[in-house]
Amino acid sequence: IVGFIPDGVEGRGTMNTIEYAKKFDKKTIIIDWFFYFVYIYIWISYRGSMKNFDEIIEQVLEHEGGYVNDPKDLGGETKYGITKRFYPDVDIKNLTVEQAKEIYRKDYWDKNRVESLPQNLWHIFFDMCVNMGRRTAVKVLQRAAVNRGRDIEVDGGLGPATIGALKGVELDRV
């Protein structure tokens, strides 16, 4: 059985649910699932209201929050959702909003080819890439397309078949 395991934490995104449950304590698993449902709620609340990177990033930064240095946080020092763990050469404490936007644009928006998807899916796909990783985000979209009757493989790959299958998929289906 494969379950939702967020990418971005060592070992997550590649193990099955049983391995995940053995590796992480119950509190971590509950927190992961809690945030997963919070993100779904946020997306339902904001569906269709965002148009482009500049508008979308403002909403993402608002939800990611400011500076935090919680020793219990696996990401370590964090600001605007940018963590020391994944950006060890960045001065997190003094990170500016503009620098954070540059990181999000380069490493999440452009790298994940957000604009190759139908525009109504840009916001949700971008946010899922940030919080779950690209492969999981693509699988969520592929499942939505399959549920809409599209004949594609749910493999986490963002190729022409997936992009084509997502045309006409409503945000409510994601």
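The values are calculated or read from the model by the stated rules, or taken from the named source; none is laboratory data. All of these numbers come straight from a predicted model, not from anything done at the bench. Positions of Cβ are backbone-derived with ideal geometry, glycine not excepted, and every protein chain shown enters the neighbour counts. Surface accessibility is based on the protein's heavy atoms, side chains included, excluding ligands, DNA and RNA. Shrake-Rupley method; radii C 1.70, N 1.55, O 1.52, S 1.80 Å.
Structural remarks
- Qualifying residue in the range 150-173 (condition: on the phi > 0 side of the Ramachandran plot, under 17 Å from the mean Cα position of the chain (by Cα) and not basic (Lys, Arg)): yes
- Output for the range 89-117, where each listed residue is touching a residue at least 40 places away in the same chain (Cβ under 8 Å), open to solvent by less than 30 Å² (accessible area, probe 1.4 Å) and either out of contact with any Cys (no Cβ under 8 Å at 6 or more places or on another chain) or not in a helix (DSSP H, G or I) (or both): TYR104, TRP109, ASN112, LEU117
- Of all residues in the range 127-151, those satisfying the criterion of being farther than 24 Å from ILE57 by Cβ and open to solvent by less than 40 Å² (accessible area, probe 1.4 Å) are GLN142, ALA145.
- Residue-level check: of (1) assigned to a helix (DSSP H, G or I); (2) open to solvent by 40 Å² or more (accessible area, probe 1.4 Å); (3) touching a helix residue (DSSP H, G or I) at 6+ places or on another chain (Cβ under 6 Å), VAL154 misses just (1).
- Hey, ASN52 touching a helix residue (DSSP H, G or I) at 6+ places or on another chain (Cβ under 9 Å) and closer than 29 Å to PRO160 by Cβ or not: yes
- The residues of the range 89-109 that are under 14 Å from the mean Cα position of the chain (by Cα) and charged (D, E, K, R), listed by number, are ARG105, ASP107.
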